1. When only C-alpha pairs under 8 Å and at least 6 residues apart count, what is the relative contact order of region 474-531, in percent?
2. Calculate, for the chain, the solvent-accessible area per residue in square angstrom, rolling a 1.4 angstrom probe over the heavy atoms of the protein chains.
3. Share of the chain's accessible area from carbon and sulfur, percent, 1.4 Å?
4. If I model a spin label at ALA115 and GLU89 as a point 7 Å from the Cα along the Cα→Cβ vector, what separation in nanometres do I get?
5. Quick one: length gained pulling HIS196 to ASN570 fully straight, 0.36 nm per residue minus the C-alpha distance?
6. Please determine, in degrees from 0 to 90 and to the nearest 10, the orientation of helix 55-68 with respect to the longest principal axis defined by the Cα atoms of the chain, where the helix direction is its Cα long axis.
7. Excluding same-chain residues fewer than 8 positions from LYS317, which lysines have a Cα within less than 19 Å of its Cα?
8. Please compute the contact order of the chain in relative form: average sequence separation of alpha-carbon pairs under 8 Å and at least six residues apart, divided by the residue count, as a percent.
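The values are calculated or read from the model by the stated rules, or taken from the named source; none is laboratory data. Everything quoted here is computed from the prediction, not taken from an experiment. A quick note on method: Cβ atoms are made from the backbone with ideal geometry, for glycine too, and the neighbour counts reach across all protein chains shown. Ligands, DNA and RNA are excluded from the accessible area calculation, which covers all protein heavy atoms including side chains. Shrake-Rupley method; radii C 1.70, N 1.55, O 1.52, S 1.80 Å.
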Amino acid sequence: MRDFDTDSILTLWPWPAISVDPATDRITAANPAADRLVGRTLPGERFLDCLEGQPGELVVFADAVSHFGSHWTRAFRLRRQGQDTLPCELAATYFDSADGPRLLIALLSLEEIEARQEMTESASLHRSGLMEWKRTQAFFSELERQNQLILDAAGEGIYGINADGQTTFVNRAAQEMLSWDAADLLGRDIHAIIHHKHLNGEHYDHRDCPIYHSFRHERVSRVEDEVFWRKDGRPIQVEYVSTPIYDGQVLAGAVVIFRDISERKEAERRLHDAMEEVAALRDRLEQENAYLQEEISSARAHHDIVGQAPSVQRTLKQVELVGPTDANVLISGEGGTGKSLVAAAVHKASDRRRRPLIRLNCSALPEDAEGELFGQVRRAGRGLDKAGRIELAHGGTLFLEEVADLPLDVQGRLLSALRDQEVTRVGEERPRRINVRIIACTARDLSREVQAGRMREDLYFFLNVFPIQLTPLRERMDDIPLLAAHFLRLACRRTNRVEPTITTGAIRRLEGYHWPGNVRELENVIERALIVSTGEKLRIESLESPLRAPGPGHRHVMTEQEMRKVEFDNLVACLALAGGRVSGEGGAAEMLGIRPTTLYSRIRKLGITEAHWTKAEGAAPA
């Protein structure tokens, strides 16, 4: 602490202030404002004598100032000469003076503090009055707009009438059910338009109408078996509730909420006639899941994964390793690379193979996505309780196809259900225990989906326990002969055809294509070739080439994979012409105009082996 001149400090302070010797509790100095506040000269007095309050509180206050450097309190009242005690706030700090440490204490009247606060608030309120009024006006305008949006979003028809029976508002659902526009109804007697006669054609007097009774007799009317008349003259069976509305204490009219129950009435009749049969069918469906068993029985087996490429063998090894566990599996790869086939192989290699593999295509979920996933309970007259896909997979495996397309608002509940192994049907509060293994597949980079905010990071980590990456067909071209023969056998078996011969030329044509649709596209090409082949040889139709010259007005932009394929083919062709020699006169490096070391690097990078250029050399025309 630094030494200060006490009198200078007190003189400069705009508030009543005093200097107190903490050792003696004596006031050593006071500014004029402090003397005026208490009505006497303060220096020389004991500070405690100037206060009304507990002495212990003053000790605590002094200790707090010493500890924190500064402190304040409102625990005391000032004793004033010939006046009532004054509530005040003491704000103090320590400083060193020439005579030793001192407490510099400001004496602030709480009455003045409150008065200044009130003046500040009053001025602020005055300045913001117009702005607040505008905000209030905007608030109520927005509230009215939102109320209209809510009315239009409601599934039930809603309309209002005033005390004279004239229509005051009609929501969108009411207009759609009745086929009347709002302009046809507003300001008119709606009873005379939609409620004027019974289903048998008899006149319906408005004095007998429960809607009019609701506001004329101030009571709520509930009706379950009447008809409203559409604009085209057709009746619809409705149930409605008519409720009186008030403007303050004055009856203003009524609001009517109705729904079309024509289908529900028919459903209730059928449900009543077959209740016992329906209950038995429900139990049977939940236990057997016949359509799921049929899907499983038709699924292809593990041995349908065809290929000798290292990437295929690696995938088979991964299937053998992860299959017997309960670890979640995330299969990634381009469309048509066989992700569903690998998922089925993992399931068949697991201890859950006797239970179903339930597939859920996340890119083709119905509008009621939660009901499809978690199931839903029966509503009155609207069919059976429905078990969701997660519940159907109990004891087995849930296969989430194209999981990147799962709606973001469903991902959190799905993760909670899978992590807790509990599922709660929509419309039900009781959770059901499940035991489900998860296999997911995607053609997208899920880490990028997480960064883009389209997928929850915790769901991604939950699924990505054991990743399996599938290789596109263009990167394992040596498997094309095996795959072509396999698909040809399957197609001939389905069509009861004699198996034609796949010629070397046909294989070359297949290997010369870049296969953007991967194995699935190859299977389709083989089946199409079988259909058009009438002789003993398989006839391969022309394949779309990514390298064909663009037509007028068309510009073809190659993908990164297409560019790599062009470079690969060019290097293989060059090596074939050079007889496999890279350097030296007439070598491939000389033909390409690059250094031999650069060419060796590219050959290693692209995985070109002697088998590639030897095959290309043998295929070259004599």
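1. After rounding, I find 52 percent.
2. 57
3. 50
4. 1.6
5. 126.3 nm
6. Between the helix axis and the principal axis of the chain, the angle is about 40 degrees.
7. Cα-Cα hits under 19 Å: LYS339, LYS348.
8. This gives 7 percent for the chain.
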